[in-house]
Amino acid sequence: MADLSVSIGKLKLKNPVLVASGTFGYGQESRALTDLNALGGIVTKSVTLKRRDGNPPPRIFELPAGMLNSIGLANVGVDTFISEKLPFLSELSTAIIANVAGSTPEEYLQVIEKLDEHDSISAYELNFSCPNVKQGGLAFSQDPKVTQQVTRMLRDITEKPLIAKLTPNITRVSEIAQAAKDGGADAVSLINTLVGMAVNTQTRKPQVHTVTAGYSGPAVKPVALAKVFEVVQNVDIPVVGIGGIMNLNDALEFFITGACAVQVGTANFIDPSTGEKMVGGLNDYCNGNGIDAISEIVGSLKL
Amino acid sequence: MICSPPKSHDCIVLSNKRLSENSIYLTRLHCPDIAQNSSSGQFVNIKVSNELSPLLRRPFSICKVDKAEGWFEVLWQIVGRGTTLMAGYKVDDVINIIGPLGHGFHIKSGIESAILVGGGLGIAPLPFLCQDILEKSSANIAVYVGVRTKADLAMAELFNDFDINIIQCTEDGSAGIQGYVTKPLIEKLASKSSVPPVLFSCGPEVFLKRMVDISSEFDVEGQISVESVMGCGFGICVGCPVEVQDYAEGERKYKLTCIDGPVFDSREVLLVG
């Protein structure tokens with residue numbers, strides 16, 4: 001058995017395969033479709049201070065090898081998350097990473113204050129990059145000063161590892177990654193969705209209600225890899241790779257480029273056991289290639 | 001109502017029949033678990049191919065089941081790339097399907113009269129609903145089928161196994177009653193039969209909006225099965241909202257077609273139509 005475990009600061013993962021926020025609900029929805037405990041961790045649907053109803057329909061539109069989504073951070077709110085969703089997650093033997101979102105820095109702070117006493121939450125992923133809400137969202141990861149300030153403010157109130165989730169909708173993502181590091185983040189995860197758009201030529205209306213939306217799926221993987229590469233080359237911080245990962249080979253590309261862990265996103269909509277299969281495949285791959293530990297692959301890119 | 005969590009099945013294609021020249025198909029799939037554990041109005045989400053395009057699964061109402069033989073059927077029409085691939089399904093092909101999904105029709109015990117109204121491919125869940133009502137009650141059932149043209153009436157043959165009254169309408173008048181299916185329906189409701197029926201309907205949004213109005217106008221219970229684009233079909237993508245009026249809370253909010261529906265009380269849903 002190869003050692004697939006990964007450490008990101010104080011966060012210990014039994015393997016490097018996570019499921020991405022907003023693509024796996026609160027875990028329980030997929031309990032009969034996959035072995036949740038096979039995963040290295042579950043990143044929850046974004047949690048905000050108050051319940052959010054989300055954007056009007058249509059919220060999604062399928063494209064060749066990709067999709068647009070504009071859900072608008074629909075979620076039950078932190079209090080209901082704690083009372084109704086967390087008990088199920090707490091019983092699992094996989095890391096639970098709460099994805100935290102808000103319209104203002106104070107909202108992030110209040111959500112983390114409420115979550116922090118719950119030991120079953122291993123870490124926070126800070127959603128600095130939702131493209132589909134009017135306030136907050138992207139703004140927190142398009143200006144390095146804001147990224148650093150907000151990260152620092154949250155760093156000061158929690159001991160738990162912080163992972164800043166970054167947007168690709170910026171010229172130099174490594175500047176934001178550096179700002180997150182300077183603010184005290186333990187890791188960065190990237191990429192969130194690309195801003196995209198599609199038009200119905202019959203009705204001349206946008207295919208998604210909010211006009212622009214988040215583009216994800218296998219089509220965005222090359223962009224994601226290039227962004228991960230940029231951060232790995234320029235900033236000394238662990239990177240969690242996200243973007244169009246559908247199978248083991250996709251995940252290996254991210255590991256080789258330098259990501260210490262990956263998140264499976266859109267693939268969960270088609271097959272929630274994608275992550276579980278990837279863990280099995282990764283183990284076989286390591287054993288078959290004489291690799292004792294996943295760390296031997298990470299950052300092994302030959303340039 | 002507590003629902004068992006959705007499961008994934010590898011189903012074997014037993015038949016894939018083209019029913020009409022308008023590329024309407026009926027596909028029979030072997031899967032005892034889905035056949036035995038689904039209720040009418042529920043749906044399945046089919047992984048059409050193993051390629052990256054089309055990427056997402058395609059949702060289809062369960063059209064008919066045979067619990068003893070362990071199969072179910074889906075009724076569909078070629079509209080895009082996914083369904084074009086499905087037209088190529090051959091006997092013994094193995095297809096990955098998640099289901100049964102969603103909340104189906106609610107059949108009250110002691111129901112005396114049921115009117116089932118299908119607009120176009122909205123006919124899809126109604127044969128199963130017929131089966132369900134006949135198993136659970138001795139209700140009098142009438143089916144109103146509304147389609148564009150004669151060729152589409154091949155779908156009405158799905159009700160031939162049942163001893164029920166079928167009213168057929170075509171928009172172009174090429175067969176049956178000419179015009180929208182709502183016309184003979186309204187005449188029937190206006191005739192004031194002794195027992196108030198429950199109206200079950202499925203079809204395009206503009207048709208369902210009309211059905212909501214008709215239920216309200218004649219003050220009869222209505223259940224509608226709505227259609228939506230879906231990302232996952234089991235509540236994780238949150239991509240298929242339908243606006244509802246929450247009368248208890250006095251507010252409008254979103255429910256999800258995939259897990260809260262696809263069948264809703266007609267008084268609850270706020271359709272755009």
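Read-outs: derived from the displayed coordinates by stated rules, not from any lab. On a predicted model such as this, the values are computed, not experimentally measured, just so you know. Note: ideal-geometry Cβ built from the backbone for every residue, glycine included; neighbour counts use all protein chains shown.
Structural remarks
- Given R0 = 25 Å, the distance between the Cβ atoms of A:Glu113 and A:Asn37 translates into a calculated FRET efficiency of 0.30.
- Bridging of A:Lys221 to aspartates and glutamates at a Cα separation below 15 Å is possible for A:Glu230, A:Asp250, A:Glu253, once same-chain residues fewer than 8 apart are set aside.
- Look at the alpha carbon pairs under 8 Å that are at least 6 residues apart: their mean separation over the length of chain B gives a relative contact order of 17 percent.
- Extreme residue, positive dipole direction of the protein assembly as shown, given options B:Gly119, A:Leu39, A:Tyr124 (C-beta unit charges): B:Gly119
- Euclidean distance between Cα centres, region A:74-121 to region A:162-201, Å: 21
- Dipole of the protein assembly as shown computed with +1 at Lys/Arg Cβ and -1 at Asp/Glu Cβ about the Cα centre; of B:Ser8, B:Ser40, B:Met86, farthest Cα towards the positive end is B:Met86.
- Global form of region A:242-303, assessed from the alpha-carbon gyration tensor, a/c cut-off 1.5: oblate
- Sequence-distant residues sharing a close amide H with A:Ile8 (under 5 Å, placed H): A:Leu13
- Estimated from helical segments only, the mean residue ellipticity of the protein assembly as shown at 222 nm is -6500 deg cm²/dmol, where each DSSP H run of four or more residues counts as -39500 (n - 2.57).
- Taking the charge dipole of region A:145-212 about its Cα centre, with +1 at Lys and Arg Cβ atoms and -1 at Asp and Glu Cβ atoms, the residue from A:Gln178, A:Asn200, A:Thr212 reaching farthest to the positive side is A:Asn200.
- Close Lys pairs in region B:113-265, defined as Cα atoms under 29 Å apart and 8 or more places apart or on different chains, number 13.
- Calculated Rg and Dmax of region B:8-101 using C-alpha coordinates, Å: 12.2, 36
- Gyration tensor (alpha-carbon) shape descriptor, chain A, a/c threshold 1.5: rounded
- Reachable lysines from A:Lys14, criterion Cα separation under 23 angstrom, eight or more residues apart if same chain: A:Lys45, A:Lys85, A:Lys160, A:Lys165, A:Lys277
- Rg in Å to one decimal, and Dmax rounded to a whole Å, for region A:179-234 via C-alpha atoms: 15.9, 50
- Considering all different alpha carbon pairs of chain B, the Kirkwood hydrodynamic radius works out to 18.9 Å.
- For the segment A:261-270, counting C-beta atoms of other chains within 10 Å of every residue's C-beta and taking the mean gives 4.
- Over the protein assembly as shown, the hull volume per residue, using the convex hull of the C-alpha atoms, is 157 Å³.
- The protein assembly as shown, dipole about Cα centre (Lys/Arg Cβ +1, Asp/Glu Cβ -1), debye to the nearest 20: 1020
- Taking the fewest neighbouring Cβ atoms within 10 Å as the starting point, the ordered list for A:Lys205, B:Lys7 is A:Lys205, B:Lys7.
- Dipole magnitude of region B:8-101 about its Cα centre (Cβ charges: Lys, Arg +1; Asp, Glu -1), debye to nearest 20: 240
- FRET efficiency for A:Arg152 and B:Gln36, using Cβ-Cβ distance with R0 set to 45 Å, rounded to 0.05: 0.20
- Cα shape, region B:98-250, gyration tensor, a/c 1.5 rule: rounded
- Inter-probe distance in nm under a simple model that places probes 7 Å from Cα toward Cβ, at A:Thr104 and B:Ser216: 3.9
- Mean per-residue shielding of peptide A:66-74 is 3, counting Cβ atoms of other chains within 10 Å of each Cβ.
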